[in-house]
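A.B. asks: Input: one structure, supplied below.
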Amino acid sequence: MFSRRGFLGTAALVGASAIQGRVQAASIPEAPTMDKVVMQPPLHPTSGPDYRPVVTLNGWSLPFRLNGDWKEFHLVAEPVVREFAEGMKVNLWGYNGQSPGPTIEAVEGDKVRIFVTNRLPEYTTVHWHGMIIPSGMDGVGGLNQPHIEPGKTFVYEFEMKKSGTFMYHPHSDEMVQMAMGMMGMFIVHPRDPSFRAVDRDFVFVMSTYRVDPGTYLPHVNEMTDFNMWTWNARVFPGIDPLPVRLGDKVRVRIGNLSMTNHPIHLHGHSFAVTCTDGGWIQESAQIPETTTDVPVGAIRVFDVLADNPGDWAFHCHKSHHTMNSMGHEVRNLIGVSRKDLAKAVGKLAPDGMAMGSTGMAMGNMEMPAPDNTLPMMTGTGQFGPIEMGGMFTVMKIRDDLARDDYRDPGPYKFPKGTVAYEVAAPAPEPARHKSGSPPMKHKM
Ligand SMILES: [Cu+2]
């Protein structure tokens, strides 16, 4: 009598000539899921070649099992609920309980078998962005393979030809599935663990959403007017900080599956871009930077020596990308008389709020928010309001962190006399050139 497993095994043997691995593919490994939205500790390998694992901001790495000489993973495409920050949850599509999906880690030379089960209400595929693989494994539905219908499981099998930083996402119902959050990162570690070795290795992927206040579903047709600018589907202050030990060599790997570019900036240091989704950049071609633009559909990886202790802002430099839900129609009223303004607004909209006449600083302002959205500017530091949202977090460099400790060390204790301070004396009026008088001379 055939057991189910025995039957599948025999059936698989018949077609075993094409890919020898298919014999073993009959039993599907379990698919772990994640219910937490904080960075999980690095997942050190317990079998196969050794590597120094990455950590994923507000995410995790997918465990694997070894089956003969194949490393087996199981991704489940499914609807998920993702918290963008406290106070806002969004219905997305993702993998194994979260969006983005778990980071996949493998080693150069590994043979990898990835089972993909589709629990979405429509078909899907998985494309392995940047990886050098056989055409039939490339995951463009219709072009390289049939779409994976709901309820079905497909298997992808390929060898890790080169180390580097890659992504995965569907090439199926193109506009909808990525706009719903289907994406993840794929790290291939070098076979030689000493190649470009670092002490800490952070990973995240950027995506954007338009989720109107009071609603729970992204507008998948939106092309330009997004209101949620996310790193791993989180916005400040929901994005994990990057805790770093003073003197550590740090790598940050950034994927961009949003619909615009993001100039990513780190304070207090200069770094070098060392890798893209095309591969490692040779040292002679690296240039020092403090901001690197990450184009759409691309990856940039930078390495930095964390030799300057403190709390360092790390953010997208497009300032509207460090905001949450905002009204783009707000008029600029800087310099307008507050009294006249209040009168005018009061007539038009008795409960209305106008942008402040001295700027938009909202540190002291409280107003009721609609359900399920986030303030445009939020977050608090030890000196007061930070007034940002979106793509912003903090690299926290400390001399007292243990080697593998990724817990938030709290606010930086500034050494005495190292913080910008107020002076009591009134500032003198600057000398100005008066019209009609001869040009001012600089004292030499
Ligand atoms: Cu940006």
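The values are calculated or read from the model by the stated rules, or taken from the named source; none is laboratory data. These numbers come from a predicted model, not from an experiment. Neighbour counts are summed over all protein chains in view; Cβ atoms, including those assigned to glycine, are modelled from backbone coordinates with ideal geometry.
A.B. asks: Would you check which residues across region 380-428 are charged (D, E, K, R), surrounded by 14 or more Cβ atoms within 10 Å (Cβ to Cβ) and over 20 Å from Lys249 (Cβ atoms) and list them?
C.D. replies: Glu387
A.B. asks: List every residue pair whose Cβ atoms sit under 6 Å apart, with the two residues 6 or more apart in sequence or on different chains, where the first one lies in region 220-235 and is within 24 Å of Thr56 (Cβ to Cβ) and the second, anywhere, is of a type in the set (Gly, Ala, Ser) and in a strand (DSSP E or B).
C.D. replies: Filtered contacts from region 220-235: Thr230/Ser207; Val235/Ala85.
A.B. asks: Show the residue pairs that are 6+ apart or on different chains and have beta-carbon atoms under 9 Å apart, the first residue being within region 152-176 and within 16 Å of Gly297 (Cβ to Cβ) and in contact (Cβ under 8 Å) with a residue 40 or more places away in the chain, the second being of a type in the set (D, E, K, R) and surrounded by 17 or more Cβ atoms within 10 Å (Cβ to Cβ).
C.D. replies: Hits for this filter: Gly164/Glu108; Gly164/Asp277; Thr165/Arg253; Thr165/Asp277; Thr165/Arg300; Phe166/Asp277; Met167/Asp277; His171/Asp138.
A.B. asks: While we're on this one: Could you grab the pairs with beta carbons closer than 9 Å, sequence gap of 6+ or different chains, first residue in region 291-306 and farther than 10 Å from His262 by Cα, second one among the aliphatic types (A, V, I, L, M) and not in a strand (DSSP E or B)?
C.D. replies: Hits for this filter: Gly297/Leu257; Val301/Ile281; Asp303/Val198; Ala306/Leu246.
A.B. asks: Filter region 238-269 down to residues that are away from the ligand (no atom under 16 Å from the Cβ) and closer than 10 Å to Phe302 by Cα and give me whichever is farthest from the chain's Cα centre (by Cα).
C.D. replies: Val250
A.B. asks: Considering only region 147-258, give the strands (runs of 3 or more DSSP E) lying wholly within it that have at least 2 residues that are out of contact with any helix residue (DSSP H, G or I) (no Cβ under 6 Å at 6 or more places or on another chain) and crowded, with 23+ Cβ neighbours inside 10 Å. Talk me through it step by step, then tell me what you get.
C.D. replies: Values: elements: 153-159, 164-169, 184-189, 200-209, 228-231, 242-245, 249-256.
The strands (runs of 3 or more DSSP E) meeting that bar are 164-169, 184-189, 200-209, 228-231, 242-245, 249-256.
A.B. asks: Continuing with the same structure: Residues to consider are Val211, Val155, Val112; find the one that is away from the ligand (no atom under 16 Å from the Cβ), modelled with pLDDT under 95 and among the β-branched types (Val, Ile, Thr). Steps first, answer last, please.
C.D. replies: Details: Val155 fails: modelled with pLDDT under 95; Val112 fails: modelled with pLDDT under 95.
Of Val211, Val155, Val112, the one residue that is away from the ligand (no atom under 16 Å from the Cβ), modelled with pLDDT under 95 and among the β-branched types (Val, Ile, Thr) is Val211.
A.B. asks: Give region 390-424 a look and list any residue that's among the aliphatic types (A, V, I, L, M) and assigned to a loop (DSSP other than H, G, I, E, B), or say none. Show your work before the answer.
C.D. replies: Quick first cut of region 390-424, residues among the aliphatic types (A, V, I, L, M) only: 391, 394-395, 397, 401-402, 419-420, 423-424.
Selection gives Met391, Leu401, Ala402, Val419, Ala420, Val423, Ala424.
A.B. asks: Then there is this: Kindly establish whether Gly389 is under 25 Å from Lys89 (Cβ atoms), modelled with pLDDT of 75 or more and within 16 Å of the ligand (Cβ to nearest atom).
C.D. replies: In short, yes.
A.B. asks: Also, quick follow-up: Does region 97-121 hold any residues that are part of a loop (DSSP other than H, G, I, E, B), more than 22 Å from Ile254 (Cβ to Cβ) and in contact with a Ser or Thr (Cβ under 8 Å, 6 or more places away or on another chain), and which are they?
C.D. replies: As a first pass, look at region 97-121 and keep what is part of a loop (DSSP other than H, G, I, E, B): 97, 99-102, 108-110, 119-121.
So of that shortlist, the ones also more than 22 Å from Ile254 (Cβ to Cβ) come out as 97, 109-110, 119-121.
Of everything in region 97-121, just one residue is part of a loop (DSSP other than H, G, I, E, B), more than 22 Å from Ile254 (Cβ to Cβ) and in contact with a Ser or Thr (Cβ under 8 Å, 6 or more places away or on another chain), namely Gly97.
A.B. asks: Please enumerate the residues belonging to region 270-328 that are within 16 Å of the ligand (Cβ to nearest atom) and part of a loop (DSSP other than H, G, I, E, B).
C.D. replies: Listed by number, the residues that qualify are Thr290, Pro295, Val296, Gly297, His317, Lys318, Met323, Asn324, Ser325, Met326, His328.
A.B. asks: Could you please let me know if Pro102 is surrounded by 22 or more Cβ atoms within 10 Å (Cβ to Cβ) and either of a type in the set (Lys, Arg) or touching a Leu at 6+ places or on another chain (Cβ under 6 Å) (or both)? Reasoning before the result, please.
C.D. replies: Values: surrounded by 22 or more Cβ atoms within 10 Å (Cβ to Cβ): yes; either of a type in the set (Lys, Arg) or touching a Leu at 6+ places or on another chain (Cβ under 6 Å) (or both): yes.
Considered against the rule, which asks whether it is surrounded by 22 or more Cβ atoms within 10 Å (Cβ to Cβ) and either of a type in the set (Lys, Arg) or touching a Leu at 6+ places or on another chain (Cβ under 6 Å) (or both), Pro102 comes out as yes.
A.B. asks: A further question on this structure: Just give me the residues in region 79-96 being assigned to a loop (DSSP other than H, G, I, E, B) and at pLDDT 95 or above, in sequence order. Step through it out loud before you land on a result.
C.D. replies: Narrowing region 79-96 to residues assigned to a loop (DSSP other than H, G, I, E, B): 86-87, 96.
Result: Asn96, single match.
A.B. asks: For residues in region 270-298 being of a type outside the set (A, V, I, L, M, F, W, C) and within 22 Å of Gly390 (Cα to Cα), which is surrounded by the most Cβ atoms within 10 Å (Cβ to Cβ)? Talk me through it step by step, then tell me what you get.
C.D. replies: Kept after step one, since they are of a type outside the set (A, V, I, L, M, F, W, C), are these residues of region 270-298: 270, 274, 276-279, 282-284, 286, 288-293, 295, 297.
Filter again for within 22 Å of Gly390 (Cα to Cα), leaving 290-293, 295, 297.
Values: Thr290: 15, Thr291: 12, Thr292: 19, Asp293: 16, Pro295: 12, Gly297: 16.
Ranking the candidates gives Thr292 first.
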